[in-house]
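The values are calculated or read from the model by the stated rules, or taken from the named source; none is laboratory data. Source: prediction; values computed, not measured. In this analysis, Cβ positions are derived from the backbone assuming ideal geometry, glycine residues included, and neighbour counts consider all displayed protein chains.
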Amino acid sequence: MTARLRATVAAVLMPATIFAVALPAVAAHAAVRPHSTSSPSSLDETPKGRPAGPVITTTIPKPPVVKKKPVVRKAPVSRYRKLPARVMRLNWHALAACESGGRPNAVSSNGLYRGMYQFSVGTWHGVGGRGLPDKATKVEQTYRAQLLFMRSGTRPWPVCGKKLYK
C-alpha cells in the first residue's frame with residue numbers, strides 16, 4: 001500500500017470512527033461501501049468528482065409523525081351560581097360608590113363594616129364568604145352582595161339601597 005493510499009484511507013476512515021464514537025445510535029445505521037471502480041484493487045482511480053476510498057453513508061431514521069388533536073376550548077366555569085336577571089340588572093356600581101366610594105378594600109372608621117358594600121363579618125360569612133370581605137375580589141364582593149339582596153332586599157343598606165334602582 002502506497003503512502004498516498006494510506007493517507008487517503010486514514011483521512012476517510014478517521015472521521016467515521018469519531019462519528020461512530022460520538023453518536024453510536026446514528027452510527028448503527030452507517031454503512032461502509034467501496035466505490036465501484038473498473039479495477040477492484042485500485043482505490044486511487046476514481047470516477048470524476050468522487051473521492052478516493054470507501055464512501056460512508058448514513059441513514060438517520062425519521063421521527064414518527066405525531067398528529068396533534070385540535071384544542072377544544074371550553075368556556076371558563078364560574079365558581080358562582082347564576083343569579084336571576086332581575087338581581088343582575090340592578091345598579092351595583094352605584095351602591096358600591098355610595099357605600100365605600102367603590103373601593104373594595106374600604107374599612108369603616110370603627111372597623112365593623114368592610115369592603116365595597118360595607119359587610120359586617122357576620123353577614124359576610126352568612127352569605128358564604130370566607131375571611132374578611134375587604135380581602136375578597138370585587139367580583140366576589142358583588143356576588144355576595146347580590147345574594148344578600150336576594151335574602152334581605154335593600155334593608156342591609158338603609159341609606160344607599162335606593163341607589164340600586166337608579
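Quick check: is even one residue across segment 82-99 touching a strand residue (DSSP E or B) at 6+ places or on another chain (Cβ under 9 Å) and in a loop (DSSP other than H, G, I, E, B)?
No, segment 82-99 has no match at all.
Could you run through segment 112-124 and say how many residues are closer than 13 Å to residue 143 by Cα and without any contact (Cβ under 8 Å) to a residue 24 or more places away in the chain?
1
Residues 121, 139, 107: which one is modelled with pLDDT under 95, under 42 Å from the mean Cα position of the chain (by Cα) and of a type outside the set (Gly, Ala, Ser)? Working first, answer last.
On the way: 121 fails: modelled with pLDDT under 95; 107 fails: modelled with pLDDT under 95.
Matching residue, one of 121, 139, 107: 139.
Does residue 143 fit the bill of being among the aromatic types (Phe, Trp, Tyr), touching a residue at least 40 places away in the same chain (Cβ under 8 Å) and part of a helix (DSSP H, G or I)?
So residue 143 fits the description; yes.
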